[in-house]
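A short write-up of the structure that comes next.
The values are calculated or read from the model by the stated rules, or taken from the named source; none is laboratory data. Computed from a predicted model, the values in this text were never measured in an experiment. Positions of Cβ are generated from backbone atoms using ideal geometry, with glycine treated the same way; all protein chains shown enter the neighbour counts.
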Amino acid sequence: MMGRVFLIGWVLLSVFMEDALAVEDKTYRIGMVLYRGETDAERGFRQYLSQNGVRAEYIVRDAAEDPKRLPAIVEEMRALRPDLIYAFGTSATIALVGRADTTKGVITDIPVVFNIVADPVGSGITRNMSGSGRNVTGVTHLVPIRSQLSALRSAISIKTMAVIYSANEKNAVLSVNALEQAAPEFNFSVQRFSVGESSSAPTMAQLTQTLEGVSASRPDIVYVPSDSFLIRHADLISERLTRARIPSMSATEAPIRQNGLVLGLVSPYLHAGAFAGHKALSILVGREEPGQIPISGLDRFTFLINIRSALAIEFYPKIGALGYAEIIGNKPRAVSNTH
């Protein structure tokens, strides 16, 4: 039976705002360390703080998917000493605060709120989700694998799932491992297709070659994890899978809304950003210690089906899934950049 799946909107903000705090008459300096440019996550973060009366000066630095840029950004944040640092993704967060068992040379005396981290425990940022015990808390955006697979089962019956992932992205590798562990429960097998090597960044040529291998294997569906490189090139993935007439499932929102992947159970970036803003408010205004604030994700998700993409490959989801899914792609829609 499918787990908790709800379609959510801006009502989520009212949940976060139920314990409103008295905001000081000051302007906070907030550093923002991004990894792949501005997304809806940052928009949700800023909007939440603004709607709660927080005035802020944002100092934004973007690594542009180049981890070699992160050390200089971290040192700049250390010198600027903002009131709080927002970090997008696992790479930026680890660069700022290190792992739970190794914090040498990282920032330990400025509060950090991370966002869009798929597996905070698996990546070593924290030992448990109840609190890091140090200067960091944050939001995980990834829907639990079993919930994703329950949603998938409500829409399609499969025997084989191909998973493409960047070998150098730890989040993606952890997701593939989790899928393999859960697959027997859902009666399908997993075919792994890595792009590139763990020691270097993947290339477009490697992705193209991998997609050729996926198409030749003819799986029942292709899964695209939370993977910065793949999200950036989701147009190519969508085009090749559409040509091969293979359905696709995405762990994140943008490849479905913007790039034409078929379906997925997702935590919208906008709402994850608002949740991160709620944690930042608790630190800045509520004077809570970041290490005592639980690291958590949303517990309400959106099951997206891009009906235009589905019909293009003559894929017809089970009728039951259509009753609770958010159906998109049935008319032109302008969305902001969330990848």
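Condition first: of a type outside the set (A, V, I, L, M, F, W, C) and either part of a loop (DSSP other than H, G, I, E, B) or within 22 Å of the chain's Cα centre (by Cα) (or both). Now tell me which residues in the range 201-219 satisfy that. Scanning the range 201-219 gives PRO202, THR203, ARG218, PRO219. Scanning the range 179-200 for residues that are modelled with pLDDT under 95 and either part of a helix (DSSP H, G or I) or surrounded by fewer than 17 Cβ atoms within 10 Å (Cβ to Cβ) (or both) yields GLU197, SER198, SER199, SER200.
Can you work out which of the residues in the range 183-200 that are among the hydrophobic types (A, V, I, L, M, F, W, C) and over 22 Å from the mean Cα position of the chain (by Cα) is farthest from ALA244 (Cα to Cα)? This residue is PHE186. Inspect all residues belonging to the range 228-243 and state whether any of them is in contact (Cβ under 8 Å) with a residue 40 or more places away in the chain, among the β-branched types (Val, Ile, Thr) and not in a helix (DSSP H, G or I). Among the residues of the range 228-243, not one is in contact (Cβ under 8 Å) with a residue 40 or more places away in the chain, among the β-branched types (Val, Ile, Thr) and not in a helix (DSSP H, G or I), which makes the answer no.
Evaluating GLU76 against the criteria (1) under 30 Å from ARG146 (Cβ atoms); (2) among the acidic types (Asp, Glu); (3) modelled with pLDDT of 95 or more leaves one unmet condition, (1). Is there a residue being farther than 22 Å from ALA92 by Cβ, in contact (Cβ under 8 Å) with a residue 24 or more places away in the chain and not aromatic (Phe, Trp, Tyr) anywhere in the range 274-288? So far as the range 274-288 goes, yes, one or more of its residues are farther than 22 Å from ALA92 by Cβ, in contact (Cβ under 8 Å) with a residue 24 or more places away in the chain and not aromatic (Phe, Trp, Tyr). Would a scan of the range 201-212 turn up a residue that is out of contact with any Cys (no Cβ under 8 Å at 6 or more places or on another chain), of a type in the set (Asp, Glu), within 29 Å of GLY329 (Cα to Cα) and buried (at least 24 other Cβ atoms within 10 Å of the Cβ)? No - not one qualifying residue is present in the range 201-212. The criterion of at least 1 residues that are surrounded by 21 or more Cβ atoms within 10 Å (Cβ to Cβ) and touching a residue at least 60 places away in the same chain (Cβ under 8 Å) is met by the following helices (runs of 4 or more DSSP H) wholly inside the range 16-127: 40-51, 89-97. The residues of the range 221-237 that are within 15 Å of the chain's Cα centre (by Cα) and hydrophobic (A, V, I, L, M, F, W, C), listed by number, are VAL224, PHE229, LEU230, ILE231, ALA234.
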